[in-house]
Every structure is written in C-alpha cells, then in structure tokens.
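*Asks:* I have a structure I would like to understand better, so I am pasting it below and will then ask my questions one at a time.
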Amino acid sequence: MKRLQYKLGIIILFSICYFAPAITDAKSMDLFSSSSKTKAKKFVDNKYVRFKDSTKVQTEITKFYRNRENHLAWVQNGQLNQNGRDLLRLIKNADKEGLSPEFYNYTEITAKLKQMQTKQHTLYDNAELDYMLTNAYMKYASDISTGRVNPGDLNVIWEIHKEEHEYSTYLEKALQHNSLEKSLKDLRPKHKQYELLIDAYKQLSELRNEGGWSLPGEDVPRLEQNDSVPEVISIKKRLATSGYLLSSNDVYLNDELFDEQLTNALKSFQRAHGLDDDGIVGKNTLRELNKPVEYRLAQIKLNIDRLRWLPESVGERDIIVNIPDFKLQYFDNNQLRDEMAVVVGETSNYTPALKDTITYIVINPTWNVPWSIATKEMLPKTKADPTYLSLNNFKLVRGSYASTDVVDPQRVDWSKISARNFPFSIIQKPGYGNALGRVKFMLPNNQNIYLHDTPADHLFSRTERDFSHGCVRLEKPFQLAETILEGQVTPQEFRRKLNSGKTESVVLNKPVPVHLIYRTAWIDDYGTMQFRKDIYGFDERSMPVLDIISQPLATKEAGDL
C-alpha cells in the first residue's frame, strides 16, 4: 500500500507536467515520453487506486513542484544531493523528537536509493525518489509543528487550535538557503516543557535499552514499613532501577525488610504519580509500579505530541486546567499566580479538552439543571418525595428556563410524568446549597462547560477527583475571582457582592483564556518526571493512532466513553 501511495504521488508530477512547459533533472526529465505516459496511465486505470489530493500534505506537495516549475529537489543523476542527504539523516533520527523514521517511510526510501545504485536508473526512478523525499519532509514538518495525532480520530471532544504553515513555501526557502535542519527545528514548539520532555524521553530510552525495570507483578500483597516478606525485594528493585531508591547494594536490594529508606523512596514514587504519599504499597500504587518502561515512553511521546497542539502564547495570561492531574494553574505575565485543586467530570460525563475564554463571572448564580440530570437523577427522587425540589431550593417551571409559569411540585401527578413527556425546567436558586456554589466563571462554548464553586468541598481531600458532570469545580473560587478581577473590582467590593445574595454578572475588562488540557506526563518545576493515570482512556485511544505501542501493552484504565 505504501508503495502504491508513492506511485500515486508520481501521478501528481505527471499531471503537473502535463501543463508545464519544462521538466526537471539537470539533463531534463522527459515525462512526456510514451513510456512514461503508459506507466502513468496504468496507475490511473488501476481499479483499486482512487487518488484524491485532499490532505494538507498532498496539497503542499503539489504546490511545491508547481512553484519550482517541476524541478526535482533532492535527486541528481540517481544520487541524493546535500539537501537530500541531510533530510535522510533527519528522518533516520526522527526518534529523537518522539517520532519514528517509519512514519516517513525511511525503509522504503533507503531501499529505493539502494536499488538505484545497484542497477541502471531511469528518469522515472529519479522522480519517484524525489517525490518520496518531498512527501517525507512535508509529513515530518506537519507532525513536528502541529502534531501527528488528530484528536478527531479519537472519537472524543477535544478541541485544538493548530497553527498551519505553508510548507511548500517554507521548504523552498530552506532549500535555497541550505537550512533544512534549521527549518524543521524552527517548527518545533517553543514551550520549555517540550525540550524537557524530549530530554526525559532520551534518558528513559537509554534505560529501556539497558533492560528497563522489572515489574513486581499483580500478586504482591499490601505492604508497608516493617513488613518482611519476599515481595519486598521486587519493590526495592523496581524503585532502584527507576531512580527512586538510591541504593545499588545487592545485599540491601535482596533483603526482605521494608525499612524507612524504602518507605521514603515509595513516597517519592507516589508523589511523582499523583498518588497518596502514604508509603504503602496498595492497589493504586501497585498498578503504577506495574507499568512497564515501554508504556511510560509511550506516554511521554503522546504528551510531546500534545504540546504541538498548544498556541505559543500559553502562560502570558492564562488558566490551565490539567484534567488528569485535577489541578488548575493561573499564569499572569508568564508567572504562576495561583494554583488549586479541581474536581473534573467522571468518565461517563468527561470534561472535554478545549480552549476557551472567561468573559464574565456570575456571583451568586442560579443553576439551570440540564435536561439529562433533571430526568435521570431528579425525576426519580421527586416521584419518591414531591417535596424534594423545594427542600433543595429548586424551582419548577413549565417550559423553558425563561418561563414565568412556576409550578408547585406537590400539585403535579408525577405518576404520569416520564423522561419522554417531561414538560418542565428545573432551576436551583442562589444560595449556599446551590450546586454551582456562589460564583461561576463563564466560558461561551458549545459544550456548556465552565468553572465554578461547589458546596461539596469535602471532595478536594481525595487524590482522584473525577466526580462532576463535566464542569470544573474549584477549590478556591473566591481567591481566583479576586485575582482575575484585580484592577477592576476590589476584594472588598467582590465580597460585598457575594454576601448580598443577589445574582450579578461582572464582565471582565481583560478576558482570560482557559486551556482544559489532558496531560499525563510532564516535568515539574523541580525537574521531576511526573506521570498521571489515564483517567478517561484518552492515552489508550491515542497510542494505536500514533503507532507507538502494541495494543496489549496499553492497559485499560477507563471504560469506553
């Protein structure tokens, strides 16, 4: 199939040349010859070939050859020129960027080149090899600048804002200035985290090549300090190999005692994996200990790729919510101003990854209960107890949320009401028991996702906090509001509005971009590699798309969405 794709690519050259007055190699490549036309016709007539020049890469290849009047870029008389040799070297080393040489058909290119060197090559061979290299450059440039994984392939809500480039023009300038390597480096993300993850990937790859780490296995019992059992040895060796236990003494590593040194090492491991740092080998800790080095490398590759989806300006004045880390960070002038825990959506109502902007803040909000929650959760409770709505400060209206036709729930014959004929809207009034708390931060997106306060603040004491219906609940909403409103509303004025109990909206003079991201691997401010559980299974869905890991290794952690 790949070979077929290359042949189809040559059709582009033939079709371009059909309208072009001149052709390409130093001694002119006559694509108008009868033999060349016959070859092209065979490709076109093949019943299982249907070429559509629809993708960005294909379009850019066509433009590239048109703009250079069909002159070849990489091949001269069956040999690669300097630019061609440079490109082949960069493709060979694509793994250094968390990519694979085979994404760019390195094996096919080298095989074609070898074939041309061992037998008499034709002008057609030159054109085919040239197209293969141009195709490789365009793919590489696209992947390194905007990412290889397309979130649209994952069948989840994941909005990104890629910055597209005119790769045909970009490549031509690189060839003219012999700056091929620089051109690709310039397309890389400028985020500091990108370089850090590239370095981490290199180091972990070296560990993988040395054999990686052994896995304790699923049969390890619950272990804690002062236990003395054979399974302790496997925990010691796992933590020592991965750098958490700073001991290489064979006598110590083969000692069955769970001592204080091992406890401290385990706590470091737990903190680096978003776990309770209790120093105990429980179910969740064992799950992370049993992740092989190949899985961690795959996670790093995925998160390198996701950095390519972010705009370059992140951090100037932004809110970043990392969903798997259950954490919000507010940056102003590229400095971290605030940080807090958050509650995100449960798997069945997952919080989508998206970019939006806080345009206004609602103080003492009402809550328009979504129809799905009203019919699936509240209707059964109201049928069991008609006073349920009034006791929980809900208002029942007939028709839409804007309706003034207020209905007394105790006068409704609930036995005749079902989800199919539910004629009401349910609105929760402002107050301390309101599901949105006392302040919400509005993002005008079509997913109806926003940030808000919550009366259920006991959930912030948990390590894993995926309990909401999709919106993001904030640990310190008043503090965030006061920070965002600096220079517009004083803290004292904000508190007066809050304590009034009246619903009021404050439009921001300076709207704040919000990035809801799904990051499961990164380097923290202390240089420590951090990993997080794939709570929604997004990593698992992405790994086959990126072709970086075998399906059995992508351990299932979340149900289908």
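*Asks:* How many of the residues in the range 285-329 are surrounded by fewer than 17 Cβ atoms within 10 Å (Cβ to Cβ) and either free of Cβ contacts under 8 Å to residues at least 60 places away in the same chain or under 23 Å from residue 232 (Cα atoms) (or both)?
*Replies:* 5
*Asks:* Take the residues in the range 272-284 that are within 18 Å of residue 226 (Cα to Cα) and in contact (Cβ under 8 Å) with a residue 60 or more places away in the chain; name whichever of them is surrounded by the fewest Cβ atoms within 10 Å (Cβ to Cβ).
*Replies:* Result: 282.
*Asks:* State whether one or more residues within the range 246-263 are of a type in the set (Val, Ile, Thr) and free of Cβ contacts under 8 Å to residues at least 40 places away in the same chain. Lay out the reasoning, then the answer.
*Replies:* As a first pass, look at the range 246-263 and keep what is of a type in the set (Val, Ile, Thr): 251, 263.
From what is left, the residues that are free of Cβ contacts under 8 Å to residues at least 40 places away in the same chain are 251, 263.
Within the range 246-263 (the criterion being of a type in the set (Val, Ile, Thr) and free of Cβ contacts under 8 Å to residues at least 40 places away in the same chain), the answer is yes, since at least one residue qualifies.
*Asks:* Would you point out which residue out of 286, 302, 307, 297 is among the hydrophobic types (A, V, I, L, M, F, W, C), farther than 21 Å from residue 202 by Cα and not assigned by TED's automatic domain parsing to the domain that holds residue 327?
*Replies:* Criteria check complete, one pass: 286.
*Asks:* For the range 451-546, list the helices (runs of 4 or more DSSP H) that sit wholly inside it and hold at least 1 residues that are farther than 25 Å from residue 200 by Cα and more than 26 Å from the chain's Cα centre (by Cα); which are they?
*Replies:* 477-484, 491-500
*Asks:* Now, a different point. Considering only the range 181-264, give the helices (runs of 4 or more DSSP H) lying wholly within it that have at least 2 residues that are within 29 Å of the chain's Cα centre (by Cα) and among the hydrophobic types (A, V, I, L, M, F, W, C).
*Replies:* Numbers: elements: 192-209, 231-241, 250-253.
Result: 192-209.
*Asks:* Would you call residue 386 more than 30 Å from residue 313 (Cα to Cα) and either in a strand (DSSP E or B) or in contact with a strand residue (DSSP E or B) (Cβ under 8 Å, 6 or more places away or on another chain) (or both)?
*Replies:* The answer is no for residue 386.
*Asks:* Also, quick follow-up: Scan the range 338-354 and tell me whether some residue there is touching a Ser or Thr at 6+ places or on another chain (Cβ under 6 Å), assigned to a strand (DSSP E or B) and over 30 Å from residue 395 (Cβ atoms).
*Replies:* For the range 338-354, residues touching a Ser or Thr at 6+ places or on another chain (Cβ under 6 Å), assigned to a strand (DSSP E or B) and over 30 Å from residue 395 (Cβ atoms): present.
*Asks:* Hey, another quick one. Just for the range 109-153: of the residues that are surrounded by fewer than 17 Cβ atoms within 10 Å (Cβ to Cβ) and part of a helix (DSSP H, G or I), which one is farthest from the chain's Cα centre (by Cα)?
*Replies:* Looking at residues that are surrounded by fewer than 17 Cβ atoms within 10 Å (Cβ to Cβ) and part of a helix (DSSP H, G or I), I get 118.
*Asks:* Please state which of the following conditions residue 163 fails to meet, knowing it meets all the rest: (1) in contact with a Leu (Cβ under 6 Å, 6 or more places away or on another chain); (2) loosely packed, with under 14 Cβ neighbours inside 10 Å.
*Replies:* Among (1) in contact with a Leu (Cβ under 6 Å, 6 or more places away or on another chain); (2) loosely packed, with under 14 Cβ neighbours inside 10 Å, residue 163 violates only (1).
The values are calculated or read from the model by the stated rules, or taken from the named source; none is laboratory data. As the structure is a computational prediction, the values presented were derived from the model and not from experiment. We place every Cβ from the backbone using ideal geometry, glycine too, and count neighbours over all the protein chains shown.
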